[in-house]
1. I'd like the distance between the alpha-carbon centres of region A:136-209 and region A:237-316, rounded to an integer number of Å.
2. Pop a pseudo-label 7 angstrom from the Cα along the beta-carbon direction at both A:Leu153 and A:Val14 and give the gap in nm to one decimal.
3. Of the heavy-atom accessible surface of region A:1-100 (probe 1.4 angstrom), what whole percent is carbon and sulfur?
4. Going from most exposed to least, what order do B:Leu83, A:Leu139 have by accessible area with a 1.4 Å probe?
5. Can you give me the solvent accessible area of B:Glu97 with a 1.4 Å probe, rounded to the nearest 10 Å²?
6. Using only atoms on other chains, find how many Cβ atoms lie within 10 Å of each Cβ of peptide B:107-117 and report the average.
7. Which length gain, in nm to one decimal place, applies between A:Leu7 and A:Glu201 when the Cα-Cα distance is subtracted from 0.36 nm times their residue separation?
8. To the nearest 100 Å², how much accessible surface do chains A and B hide from each other in total, with a 1.4 Å probe?
Amino acid sequence: MTRWLSLAVAVLFVASLLTGAAGVGVPDPLILWQIRLPRAALALLVGGGLGLSGAVLQGALRNPLADPGLLGIGGCAALGAVVAFYWGLSAVFAPALPLAGLAGAALGCAFLLAFAGRAASGPSLILAGVALSALAAALLALALTLAPNPFALAEVTFWLMGGLEDRTLTHLLLAAGPIVLGCGVLLALGRGLDGLALGEEVAASLGVPVRRTLRLAAAGVALAVGAGAAVAGGIGFVGLVVPHLLRPAMGERPSALLAPSLLGGAALLLAADLLARTAPLLLPLQQEPRLGVLTALLGAPFLVRIARRVAPGGAG
Amino acid sequence: MIALRAARVRLGGHDVLHDIAFSAAAGEMVALCGPNGSGKSTLLRALAGLLPEGGAPDPRRVAYLPQGARCAWGMTVAEVAALGRIPHGDNDPAPVERALLACGLDGLRGQRVDRISGGQARRAMLARVLATDAQVLLLDEPTADLDPAAAHAIMALLRRIARQGGCVLVVLHALDLALRYADRVVVLQAGRIVADAPPDAVLAAAAAAFGLPWGVDPSPRLLPPGP
């Protein structure tokens, strides 16, 4: 299965390099390096980070509904980006937008970790995350209502829907480090997550460092998802849906889902982004559909199918 | 082999155990009995190193089965049993196989634990404990949800483990099982150990306390002779 997913990612990545507004085929080297490569590589990294984060969070919190968006890290990244819009920083200095997004994600992460350090149990972490995302959403709405420039509202709303168009090598360089680091942290948590399947107390009796595992999960998710949101905006649903898509094939052991969810997330986002790019070529559209919209459109029917199979009282 | 000495054990802001001096040796099978809320599970958790009063967990030496443990995911019976290898950081299949066989689960190894009966799932949890190959087993109601035949089979298995040098502590509500299989019965009441003696002595004391004219016959007549 992992081999097939790797193959799918490779095929989609190459297809992604060969497809774009300039048509299908090997493009001009300038287009390849400056436009297509950053876009395809970002889809791969952001999608992989989201898929893996979803699998880790569902495992760590023993909850099939856990999603990186639940912890509010994406909301904090969006808030940081909106602040950059709001003060006009992004107009003066382009990388200010992803940098502010990263700063927002880092602040949210610091809050979550400080919280997880004291009351590290799954449900308390979820509640703190929900509080954080409500706070980020409120501040975001406040910034939007106070926006001095009417165009800022449209621009920000658009950005919040997520997308990878016009991303440059700078974006790729900014996001790659934190995403790869975050994924590295998350991939190492497999055994601890397996132990947590039986509850925090049994995990502790098996020698799993429960608090440390939860803290590393929060930190890894913050890095991977925060950096992704900082460059790609709000792309929902990937983290929630990818582990569910893979469970029927991989089994439900949390550690068995980590690497496949990374690959599955990358494949899903590459496919969605490819679809976003080809839609204006095939359909009478003025503009590419937003990536966050497409991931939800692609993911929701799958999730409905899976939801019908979930046994009463079972986790999934 | 395992011991706890504590003036008090606190949980949720009040004292659950008082003046506890408990120890169990290798080769012993100890039943912890007492009414609901008497502190049996708390004693077990303290011994497992899950409460501040009891030190830290010692995962390779001490294995713990909580009351009502369940798996959050639809893992297979074999996958759940293999979680017992986490303390060793290996995937050694031999102890997992032994544990599955001992718990009568060899026909169910590929079944999901959320799609088998409660008693079968309980045995999968016990197989996870046995797969650890720990010397000390702390088991909170391992026979809950089991049919009588399976309960006797599990108790006989635990007694064999104790005979081979293990140390087995079992919280039991089924007094017949306690009297039949344990070497020692420890009775807790309101957070204190009120009796700690071989089963027949505990039964005689209880009979005397209630003024009952019973002799001591730890093996009920309907059951086959104990091992």
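1. If you average the Cα positions of each part, the centres end up 17 Å apart.
2. My value for the distance between the label points is 4.8 nm.
3. 76
4. Largest accessible area first, the residues go A:Leu139, B:Leu83.
5. 70
6. Average per residue, whole number: 1.
7. The span from A:Leu7 to A:Glu201 would gain 65.9 nm if fully extended.
8. 2200
The values are calculated or read from the model by the stated rules, or taken from the named source; none is laboratory data. Because the structure is a prediction, the values reported are computed rather than measured. Positions of Cβ are backbone-derived with ideal geometry, glycine not excepted, and every protein chain shown enters the neighbour counts. Note: accessible area is taken over every heavy atom of the protein model, side chains too, but ligands, DNA and RNA are not part of it. Shrake-Rupley method; radii C 1.70, N 1.55, O 1.52, S 1.80 Å.
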